[in-house]
Amino acid sequence: MNKLVTNKTRLGFLASGAGSNFLNIIESCRANALNGLPILLISNNSNSGAIQIAKQNNIDYFHISSKTCSDPDLEITRKMKEYNIDLVILAGYMKKIGSEMLAEFPSRILNIHPSLLPRHGGAGMFGEKVHRAVLESRDKKTGATVHLVNEEFDKGRILGQLEVDVAMGDTAESLASKVLAVEHILYPKIISEYIGQINNT
């Protein structure tokens with residue numbers, strides 16, 4: 001376990017997929033764009049790209065899911081506490097955050113969603129489903145939203161948003177690409193701002 005003593009905020013990550021936001025935040029930390037130290041990754045998917053990123057960047061990681069233990073929420077919470085995590089970052093995590101985590105990290109869990117919440121959020125709204133909903137609704141703008149995590153999907157306090165235009169001829173795939181690009185701008189910025197807020201309270 002990494003027990004490095006530092007004045008940087010200790011970041012724990014939850015991810016299920018490719019991990020592009022995870023990698024982007026690691027790189028932002030290394031560039032001193034935010035005062036954070038990536039400490040731990042937990043993935044519910046043993047084959048996730050995020051685990052490969054953790055390996056490549058010498059970050060401790062664990063696969064925790066209903067396949068590995070009877071109470072994943074409790075085990076994830078234990079690991080986050082064991083590693084003295086200050087702030088939990090969801091980076092494409094496809095599972096609902098449970099009551100143990102919410103109680104242990106009140107207002108200390110952040111998520112990014114690929115739409116301008118409150119539009120196109122809620123249970124089952126992730127990835128391509130969100131972008132299809134934007135197109136079906138004929139929205140003129142979409143984007144990304146960073147918010148705090150609470151007991152309801154995508155209902156936590158909004159910390160920041162960044163818009164992109166929906167162009168004629170856009171597809172779910174082209175929107176996904178445009179929104180991911182602004183996610184990589186927005187997420188490190190909001191994490192940095194939020195670290196500043198919590199360190200001054």
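The values are calculated or read from the model by the stated rules, or taken from the named source; none is laboratory data. These numbers come from a predicted model, not from an experiment. A quick note on method: Cβ atoms are made from the backbone with ideal geometry, for glycine too, and the neighbour counts reach across all protein chains shown.
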Given the conditions (1) touching a helix residue (DSSP H, G or I) at 6+ places or on another chain (Cβ under 9 Å); (2) more than 30 Å from Asn199 (Cβ to Cβ); (3) among the acidic types (Asp, Glu), every one holds for Glu136 apart from (1)
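Hey, could you check the range 31-43 for residues that are surrounded by fewer than 21 Cβ atoms within 10 Å (Cβ to Cβ) and touching a strand residue (DSSP E or B) at 6+ places or on another chain (Cβ under 9 Å) and say which is nearest to Gly19 (Cα to Cα)? It would help to see each step written out before you state the result.
Step one: filter the range 31-43 for residues surrounded by fewer than 21 Cβ atoms within 10 Å (Cβ to Cβ), giving 31-33, 35, 37.
From the residues that got through so far, the ones that are touching a strand residue (DSSP E or B) at 6+ places or on another chain (Cβ under 9 Å) too are 35, 37.
Numbers: Asn35: 20, Leu37: 17 Å.
Out of the qualifying residues, it is Leu37.
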Expected single match for at pLDDT 95 or above and of a type in the set (A, V, I, L, M, F, W, C) among Leu4, Leu11, Leu34 is Leu11
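Across the range 144-176, what is the number of residues that are surrounded by 13 or more Cβ atoms within 10 Å (Cβ to Cβ) and farther than 30 Å from Glu104 by Cα? Please lay out each step first, then the result.
Here is the first cut: in the range 144-176, the residues surrounded by 13 or more Cβ atoms within 10 Å (Cβ to Cβ) are 144-150, 153-156, 158-164, 166, 170, 172, 174-176.
Narrowing further to those that are farther than 30 Å from Glu104 by Cα: 163-164, 166, 170, 172, 174-176.
Here the count works out to 8.
Quick check on my filter: what residues within the range 96-120 are assigned to a loop (DSSP other than H, G, I, E, B) and within 17 Å of Asn21 (Cβ to Cβ)?
Step one: filter the range 96-120 for residues assigned to a loop (DSSP other than H, G, I, E, B), giving 96-98, 105-108, 114-120.
Passing the criteria: Ile97, Pro114, Ser115, Leu117.
May I ask you to list the residues in the range 45-72 that are in a loop (DSSP other than H, G, I, E, B), touching a helix residue (DSSP H, G or I) at 6+ places or on another chain (Cβ under 7 Å) and surrounded by 15 or more Cβ atoms within 10 Å (Cβ to Cβ)?
Here is the first cut: in the range 45-72, the residues in a loop (DSSP other than H, G, I, E, B) are 45-48, 57-59, 64-71.
Next, from what is left, pick out any that are touching a helix residue (DSSP H, G or I) at 6+ places or on another chain (Cβ under 7 Å): 57, 64-66, 69.
Across the range 45-72, the qualifying residues are Asn57, Ile64, Ser65.
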Only unsatisfied item for Ala133, checking (1) of a type in the set (Gly, Ala, Ser); (2) modelled with pLDDT of 95 or more; (3) assigned to a loop (DSSP other than H, G, I, E, B), is (3)
Residue pairs qualifying under the 9 Å Cβ cut-off, at least six apart or on distinct chains, with the first in the range 173-201 being under 14 Å from Cys29 (Cβ atoms) and the second being crowded, with 18+ Cβ neighbours inside 10 Å and at pLDDT below 95, are Pro188/Leu34; Lys189/Leu34; Ile191/Leu34; Ser192/Leu34; Ile195/Leu34
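Taking Arg119, is it in contact with a Leu (Cβ under 6 Å, 6 or more places away or on another chain), surrounded by fewer than 19 Cβ atoms within 10 Å (Cβ to Cβ) and free of Cβ contacts under 8 Å to residues at least 60 places away in the same chain?
Working: in contact with a Leu (Cβ under 6 Å, 6 or more places away or on another chain): no; surrounded by fewer than 19 Cβ atoms within 10 Å (Cβ to Cβ): yes; free of Cβ contacts under 8 Å to residues at least 60 places away in the same chain: yes.
Answer is no for this residue.
So is Val164 outside any strand (DSSP E or B), modelled with pLDDT of 95 or more, touching a strand residue (DSSP E or B) at 6+ places or on another chain (Cβ under 7 Å) and farther than 27 Å from Ile51 by Cα or not? Break it down into steps so the answer makes sense when it comes.
On the way: outside any strand (DSSP E or B): no; modelled with pLDDT of 95 or more: yes; touching a strand residue (DSSP E or B) at 6+ places or on another chain (Cβ under 7 Å): yes; farther than 27 Å from Ile51 by Cα: yes.
Criteria not met by Val164.
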